[in-house]
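The values are calculated or read from the model by the stated rules, or taken from the named source; none is laboratory data. Just so it is clear, the model here is predicted, and its values are computed rather than measured. Cβ placement follows ideal geometry from the backbone for every residue including glycine, while neighbour counts extend to all protein chains displayed. When the accessible area is computed, the model is the full protein with side chains, heavy atoms only, and any ligands, DNA or RNA have been set aside. Shrake-Rupley method; radii C 1.70, N 1.55, O 1.52, S 1.80 Å.
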Amino acid sequence: MARNTLACAVKCGVSIMARGLIPWIWLKRPVYIQARFSYLHMKFLFFSWLAVFVGSWVVYVEYSSYTELCRGHECKNTICDKFQKGVIDGSACNSLCEKDTLYLGKCLSAKPSNQVYSGSWGDMEGIIKCQMKEDPHYDLGFELEPRKESASFSRPTKGTSMQKFKEMVFNHLKAKVGDQANLADLLTLVLGVADSNKDGEISLSEAHSAWALLQLNEFLLSVVLQEREHTPRLLGFCGDLYVMEKVPYVPLYGVSLPWMVELWIPASLRRSIDQWATPSWPRKAKIAIGLFELVEDVFHGTFGSFLMCDVSAAGFGYTERHDIKVVDARQIVPEVGFQEVMRERRCEEDTDCLYGRDCFTSCDLTKHRCTTEVTQPNLAKVCSTLKDYILYGAPSDIKDELDKQLYACIALKGASEQMEMEHSLILNNLKTLLWKKISHTKDS
């Protein structure tokens, strides 16, 4: 009897405990699920807001950058205002300001002071460049052609005779390129460009435009090399706005990627991507020969020597026929003008004596002034830019010799007594080596 009573008590206790435990389990489970759902919900909201914040910041940065760099409408308004007042004139003025057949398209500007746009002029495609007032918070670096304010087009003054204007231009060219024997020929070329309507006379408004353009290295070089094939043709101008022939393939090599992608790509992979996007090797050889010929044109050329102070791939392009073209000549500067400016520059060390990206001189510590001779000639800088480009995919039978010649080229020093002889020898060796390999092909 007692045993049965005990068994009954145990069963009743277990039953009561079971009834109490089951509701607790069912009560606890929804609380856990609810807590997990709340955590996931908060995590989703956090990353959503983070994405919105980052996206908004990127849009803001891009928009701010665009509005500061791309001010083509301001440039056009300024130029057209001067044209309509009769201050300036040029072959592009009517099309830009009255007929609206000169159209500014995609913004390509890298600095607010130098507006660059792709565009069209009737049936022609071109690159439109315009000078703008510099924004004071931008550090634009040292320039041979500083533009602290937008062109006022005040020179030559009213009443200046044609003879006086010629003297002005002659003296300016002499200061830029030196006292050349054929300086009169360069003067004739400049005056021919200044006469935009080809009526045999230069009006005061045309003279204002020509004088403003002569302050720009790129314009001067386009006149100096207009008979050569290495610079785009000057199609027209209005004030210091000018239109150049469009180069189809820019830059010389490399693929343009969004800056956010660039941050995550290793340098080795970036170089591989750039090489995959280049033409076949024979066509690269033709492009390289053209670049070597450009070095010849600007090194002791017809109208003096010019220094190539930015020999990056972005400054060059090529045509459908793989002929090299200079697309940004702002850093190709007359040697005489360069030397005058560097002579006055104070320094504490060699790194203070840099112009552009590639023109170094040394610091004379006794005078704390920069010397005037560049440490590396144009050819050495071009070879450094071309080395990986031209060696990639090179035929095995010339690759070792090509590599040897390129390293000898890169080792050239500007102050060497034998520099000019070594320069000519290496330049001829490289051109001959490449030409022999492609002369029998259709790419030549």
For Leu69, Leu186, write out the residues from largest to smallest accessible area, computed with a 1.4 angstrom probe and no ligands counted. Leu69, Leu186
Which of rounded, prolate or oblate describes the stretch 76-135 when judged by the alpha-carbon gyration tensor and an a/c cut-off of 1.5? oblate
In whole Hz, with x marking every Gly and Pro, tabulate ³J(HN,Hα) for the stretch 274-285 from phi via Karplus 6.51 cos²θ - 1.76 cosθ + 1.60, θ = phi - 60°. 4, 5, 5, 8, 8, x, 5, 4, x, 6, 5, 5
For the stretch 383-444, state which GluC sites (Glu not before Pro) are in a DSSP loop and have at most 12 other beta carbons lying within 10 Å of their beta carbon. Glu417
Report the one residue of Gln405, Cys359, Leu386 whose Cα lies farthest in the direction of the positive end of the charge dipole of the stretch 358-406 (charges on C-beta: Lys and Arg +1, Asp and Glu -1; origin at the Cα centre). Cys359
Residues meeting the amide H criterion for Leu235 (H placed from the backbone, H to H distance under 5 Å, 5 or more places apart or on another chain) are Val243, Met244, Glu245
Under a cut-off of 20 Å between alpha-carbon atoms, report the lysines in cross-link reach of Lys76, not counting same-chain residues fewer than 8 places apart. Lys85, Lys99, Lys106, Lys111, Lys129, Lys133, Lys148, Lys246
In a shell of Cβ-Cβ distance under 12 Å around Gly301, excluding Gly301 itself, what net charge do Lys and Arg (+1) and Asp and Glu (-1) give? -4
Karplus (6.51, -1.76, 1.60) ³J(HN,Hα), θ = phi - 60°, over the stretch 366-379, in Hz, Gly and Pro reported as x: 6, 10, 6, 10, 6, 6, 9, 8, 5, 7, 9, x, 3, 4
Dipole magnitude of the stretch 296-368 about its Cα centre (Cβ charges: Lys, Arg +1; Asp, Glu -1), debye to nearest 20: 140 debye
Accessible-area composition of the stretch 376-437, carbon plus sulfur, in percent [1.4 Å probe]: 51 percent
Of Pro112, Gly122, Cys97, whose Cα points farthest to the positive end of the dipole of the stretch 86-125 (charges on the beta-carbon: +1 Lys, Arg; -1 Asp, Glu; origin at the Cα centre)? Pro112
If you take every residue apart from Ala184 with its C-beta less than 11 Å away from the C-beta of Ala184, what net charge results, scoring Lys and Arg +1 and Asp and Glu -1? +1
With charges set only on the Cβ (+1 for Lys and Arg, -1 for Asp and Glu), what does the dipole of the stretch 199-328 come to about its Cα centre, in debye to the nearest 20? 740 debye
How long are the semi-axes of the equivalent ellipsoid of the stretch 326-375, taking √(5λ) for every eigenvalue λ of the Cα gyration tensor, in whole Å from largest down? 21, 11, 7
Could you calculate the contour length gain from Thr101 to Glu320, that is, 0.36 nm times the residue separation minus the distance between their Cα atoms, to one decimal place in nm? 76.3 nm
Treat each spin label as a single point 7 Å out from the Cα along the C-beta direction, and report the Asn94 to Arg155 distance in nm. 3.1 nm
By how many nm would the segment from Glu373 to Ser118 grow when fully extended, if each residue of separation counts as 0.36 nm and the alpha-carbon distance is taken off? 88.1 nm
Extension gain, Asn77 back to Arg228 (0.36 nm per residue minus Cα-Cα distance, nm): 51.0 nm
Shape of the stretch 274-416 from its Cα gyration tensor (a ≥ b ≥ c, root eigenvalues): rounded if a/c is under 1.5, otherwise prolate when a/b > b/c, or oblate? prolate
Report the net charge of residues surrounding Ala210, where surrounding means a beta-carbon distance below 15 angstrom and charges are Lys +1, Arg +1, Asp -1, Glu -1. -2
For the pair Leu433 and Trp264, how long in nm is the line joining their label points, each one 7 Å along Cα→Cβ? 4.0 nm
Please report, in debye to the nearest 20, how large the charge dipole of the stretch 162-216 is about its Cα centre when each Lys and Arg carries +1 at its beta carbon and each Asp and Glu carries -1 there. 160 debye
What percent do you get for the relative contact order of the stretch 303-429 when only Cα pairs under 8 Å and 6+ apart count? 19 percent
List the GluC sites (Glu not before Pro) within the stretch 302-386 that DSSP assigns to loop and that have no more than 11 neighbouring Cβ atoms inside 10 Å. Glu320, Glu344, Glu348, Glu349
What do you get for GluC sites (Glu not before Pro) in the stretch 163-221 restricted to DSSP loop and a cutoff of at most 11 other Cβ within 10 Å of the site's Cβ? Glu201
